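Data block below; observations after.
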Amino acid sequence: MAVDRRNPYVILGIPFGADEAEARTGFARASRRLRREEDVRYAMEDLTWALHQIEQIIKAPAKAFNVYRIPADPEATAINRPGVFDPPPEPIRRDSNPATDEELRSLQERAVQELVRGALTEDRLDFTIPRPYEMKENANG
């Protein structure tokens with residue numbers, strides 16, 4: 001069974017939970033816009049579907065759980081303090097010794113080698129290093 005990801009409230013341009021009168025007004029506005037403008041996002045079938053969905057939701061509110069809701073205030077879901085949904089970081093006990101300067105240099109050298117090998121693969125065999133300037137012949141000589 002395919003899940004329909006369209007939102008009837010967004011299609012008609014009305015707020016979530018609007019009553020039937022608001023839904024019909026939104027349908028009328030959207031259908032007029034459909035007739036006037038050339039570049040519209042929804043077809044008449046979409047508008048009819050949206051109005052029908054809202055009418056069904058008004059009759060059986062449990063059907064509204066399938067409608068994706070967009071929060072009007074994006075900050076409503078922001079977490080501003082540590083808690084259950086945003087726990088503070090917990091330090092992890094280190095099991096190895098810190099890397100020495102020599103180990104870090106070796107790691108950097110291997111990374112550079114891998115980058116160069118990746119740049120010079122089969123499809124890039126014609127790779128040439130660009131010169132910083134064009135060589136020009138001396139006019140005097």
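The values are calculated or read from the model by the stated rules, or taken from the named source; none is laboratory data. Note that the structure is predicted; figures quoted are calculated from it, not measured. For neighbour counting, all protein chains shown are included, and Cβ atoms are generated from backbone atoms with ideal geometry for every residue, glycine included.
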| remark: Checked the range 2-52 for anything out of contact with any Gly (no Cβ under 8 Å at 6 or more places or on another chain) and among the basic types (Lys, Arg); matches are Arg5, Arg6, Arg24, Arg32, Arg33, Arg35, Arg36, Arg41
| note | Residue count, the range 11-52, condition among the β-branched types (Val, Ile, Thr) and part of a helix (DSSP H, G or I), comes to 3
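Do you know which residues across the range 46-98 are at pLDDT 85 or above, β-branched (Val, Ile, Thr) and surrounded by 12 or more Cβ atoms within 10 Å (Cβ to Cβ)? Spell out how you get there, then give the answer.
Step one: list which residues in the range 46-98 are at pLDDT 85 or above, which gives 46-60, 90-98.
Those left that are additionally β-branched (Val, Ile, Thr): 48, 54, 57-58, 92.
Once the filter is applied, which keeps residues that are at pLDDT 85 or above, β-branched (Val, Ile, Thr) and surrounded by 12 or more Cβ atoms within 10 Å (Cβ to Cβ), the range 46-98 yields Thr48, Ile54, Ile57, Ile58.
Please determine, by comparing only the residues of the range 15-45 that are more than 18 Å from Pro61 (Cβ to Cβ) and small (Gly, Ala, Ser), which one is modelled with the lowest pLDDT.
Applying the first criterion (more than 18 Å from Pro61 (Cβ to Cβ)) to the range 15-45 yields 24-45.
Now narrow it down to the ones that are small (Gly, Ala, Ser): 26, 28, 30-31, 43.
On the way: Gly26: 93, Ala28: 95, Ala30: 92, Ser31: 92, Ala43: 89.
The qualifying residue modelled with the lowest pLDDT is Ala43.
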